[in-house]
Amino acid sequence: MRVHAATDPTWALTADFKAAFGGHPAGVAVITADSGTGPVGVTASSVASVSAQPPILAFSLASRSGSAAALADADSIVVHLLTAADLSLARTFASPTSERFAGSTAWTRLPTGEPLLGHAGFALRCEILSRTPAGASLLVAASVVGIIAPDAPSQGAPLVYHERAYHALDGSTVLPGA
């Protein structure tokens, strides 16, 4: 077992941190906004519920360039919680070279201007509360001001990211006695 203190100056601490969180499954979302010059969006596995009353969520952006920079500056966003049926959206918005709002990507604008993707899960319209520098990333907290529920009564299996790959989390994965 390797043990590293948070003050360990070696690359091993970073490598072990990445390995630890690589083995910790996370839900997958696409976050969109209007940049003023057009729609932008990124795939994120850092979205977390912070408070239910009032509803607040948080996520981090690892870059301050491209779409991430535009999201960092936006006043409002839409967080699309993805299902396994949305795998192509996750891949499209994760690629820095993809045409995210072109081709086969189904989307429209909300009356407030944010891009809303056609997908199988919930979409949460949010207003940004705070932006906090955190290491090389930016931690964003946002107040949920509206929720768009999926059309289908069952939204489908959640899409999760684990060990650098996408997975569906369905009913067959429930452990006995859970």
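What the table shows:
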{"read-out": "Filtered residue count, segment 114-153, keeping only those that are within 15 Å of LEU82 (Cα to Cα), part of a loop (DSSP other than H, G, I, E, B) and out of contact with any Asp or Glu (no Cβ under 7 Å at 6 or more places or on another chain)", "value": "6"}
{"read-out": "Some residue of segment 157-175 being loosely packed, with under 11 Cβ neighbours inside 10 Å, of a type in the set (Lys, Arg) and touching a residue at least 24 places away in the same chain (Cβ under 8 Å)", "value": "yes"}
{"read-out": "SER76 among the polar types (S, T, N, Q) and under 19 Å from GLY146 (Cβ atoms)", "value": "yes"}
{"read-out": "Some residue of segment 95-113 being basic (Lys, Arg), within 15 Å of VAL30 (Cα to Cα) and within 17 Å of the chain's Cα centre (by Cα)", "value": "yes"}
{"read-out": "Residues satisfying the stated conditions in segment 21-56, i.e. assigned to a strand (DSSP E or B) and crowded, with 20+ Cβ neighbours inside 10 Å", "value": "ALA29, VAL30, ILE31, THR32, ALA33, ASP34, PRO39, VAL40, GLY41, VAL42, THR43, ALA44"}
{"read-out": "Whichever residue in segment 154-178 is part of a strand (DSSP E or B) and not small (Gly, Ala, Ser) and, among such residues, is modelled with the lowest pLDDT", "value": "HIS162"}
{"read-out": "Residue in segment 16-50 that is farthest from LEU129 (Cα to Cα), counting only those that are without any contact (Cβ under 8 Å) to a residue 40 or more places away in the chain and among the aliphatic types (A, V, I, L, M)", "value": "ALA19"}
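The values are calculated or read from the model by the stated rules, or taken from the named source; none is laboratory data. Note that the coordinates shown come from a computational prediction; the quantities given were computed from them, not determined experimentally. As a convention, Cβ positions derive from the backbone with ideal geometry for all residues, glycine included, and neighbour counts pool all protein chains shown.
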